[in-house]
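Novice: Once you've had a glance at the structure underneath, I'll fire off some questions.
The values are calculated or read from the model by the stated rules, or taken from the named source; none is laboratory data. Since the model is a prediction, treat every value here as computed from it, not as a measurement. All Cβ positions, even for glycine, are placed from backbone atoms using ideal geometry, and neighbour counts span all protein chains on display. What goes into the accessible areas is simple: the full protein's heavy atoms, side chains included, and nothing from ligands, DNA or RNA. Shrake-Rupley method; radii C 1.70, N 1.55, O 1.52, S 1.80 Å.
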Amino acid sequence: MTAPPPVEPARRIPLGPPPPRKAPSRLLTPLRETGKLFALAAAVTRAVFRRPFQVREFIEQFWFVASVTILPAALVSIPFGAVIALQVGSLTEQLGAQSFTGGASVLAVIQQASPLIVALLISGAAGSAICADLGSRKIREELDAMEVMGVSPIQRLVVPRVLATMLVAVLLNGLVSVVGTLGGYFFNVIMQGGTPGAYLASFSALAQLPDLYIGELKALIFGFIAGIVAAYRGLNPRGGPKGVGDAVNQSVVITFMLLFFVNMVLTAIYLQIVPAKGS
């Protein structure tokens, strides 16, 4: 007779739920998100030089961004220029240097106010729409279908939108600078009793061509940041349709924070590199 097969010991059945996995540290989450944001920016920069370029998508996005930001930018720049001119005019009058009101107010509009106005409007109006569009495509799994078909969502959808925001930001910066300067001129000459000749002479005495360059450079960088942040939050929504709404709000807030920080850095670098006129 053959020996019976050995009896395996009974497996121990665990009682209760399995032990929870250790959650990642919350301190690492902002670093991880920041790294993903920079990775998307690098991917978009590389995809700009790849072919084919989506010309039709770029034109449509450019027209959309421009149509929703031109009128608000022009209307907002008037009170901004007026407030800066009135405040600077009041301060220079107290110091006995009222003849420099024009140059100081115009430089403040061109270097600081104009790029920030443009970037905030693009982020609030166009960036939120871009984020909502990409987020809705993501939850409908359209982006996954594009990847399955071998189409890069970044090259097809993100690159035209980012380039459109950058180009519109540069063009709008010139419009806002002109309108803000005219508004400041009107309020200084009409309301504060300034002279047109002194206003223009002080501007020519203090301003220089790099002041315009730094304003356009800021607008270009701010447009890139607004487009990248909106695209990143749109590509990574959480929790279905409600997550898309949360992503839109987060994209606007994150863009505002980055804009003011980058503006401070660019201003500090510019003031160190470019000497003041007449110094």
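Novice: Looking only at region 47-67, which residues are in a helix (DSSP H, G or I), more than 22 Å from S114 (Cβ to Cβ) and polar (S, T, N, Q)?
Specialist: The one that is in a helix (DSSP H, G or I), more than 22 Å from S114 (Cβ to Cβ) and polar (S, T, N, Q): Q61.
Novice: Among the listed residues L266, L259, which satisfies the condition of being within 30 Å of R137 (Cα to Cα), part of a helix (DSSP H, G or I) and in contact (Cβ under 8 Å) with a residue 40 or more places away in the chain?
Specialist: L259
Novice: Now for a separate question. Using the structure shown, decide if A219 is of a type in the set (G, A, S), open to solvent by less than 30 Å² (accessible area, probe 1.4 Å) and either out of contact with any His (no Cβ under 6 Å at 6 or more places or on another chain) or over 18 Å from A169 (Cα atoms) (or both).
Specialist: yes
Yes/no matrix, rows are residues, columns are (1) open to solvent by less than 10 Å² (accessible area, probe 1.4 Å); (2) touching a Leu at 6+ places or on another chain (Cβ under 7 Å); (3) at pLDDT below 85; (4) within 21 Å of D246 (Cα to Cα):
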site: Q98; (1), (2), (3), (4): no, no, yes, no
site: V106; (1), (2), (3), (4): yes, no, yes, no
site: Q112; (1), (2), (3), (4): no, no, yes, no
site: V118; (1), (2), (3), (4): yes, yes, no, no
site: G127; (1), (2), (3), (4): yes, no, no, yes
site: I139; (1), (2), (3), (4): no, no, no, yes
site: Q155; (1), (2), (3), (4): no, no, no, no
site: A164; (1), (2), (3), (4): yes, no, no, no
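Novice: Please find, among V83, V65, the residue that is surrounded by 12 or more Cβ atoms within 10 Å (Cβ to Cβ), in contact with a Lys or Arg (Cβ under 9 Å, 6 or more places away or on another chain) and of a type outside the set (S, T, N, Q).
Specialist: Just a single option satisfies the conditions, and that option is V65.
Novice: Looking for something within 15 Å of Y185 (Cβ to Cβ), under 18 Å from the mean Cα position of the chain (by Cα) and not β-branched (V, I, T) - is there at least one such residue anywhere in region 133-145?
Specialist: no
Novice: Return a yes/no flag: does region 237-244 have any residue that is touching an Asp or Glu at 6+ places or on another chain (Cβ under 9 Å), open to solvent by 60 Å² or more (accessible area, probe 1.4 Å) and at pLDDT below 90.
Specialist: Yes, region 237-244 contains at least one residue that is touching an Asp or Glu at 6+ places or on another chain (Cβ under 9 Å), open to solvent by 60 Å² or more (accessible area, probe 1.4 Å) and at pLDDT below 90.
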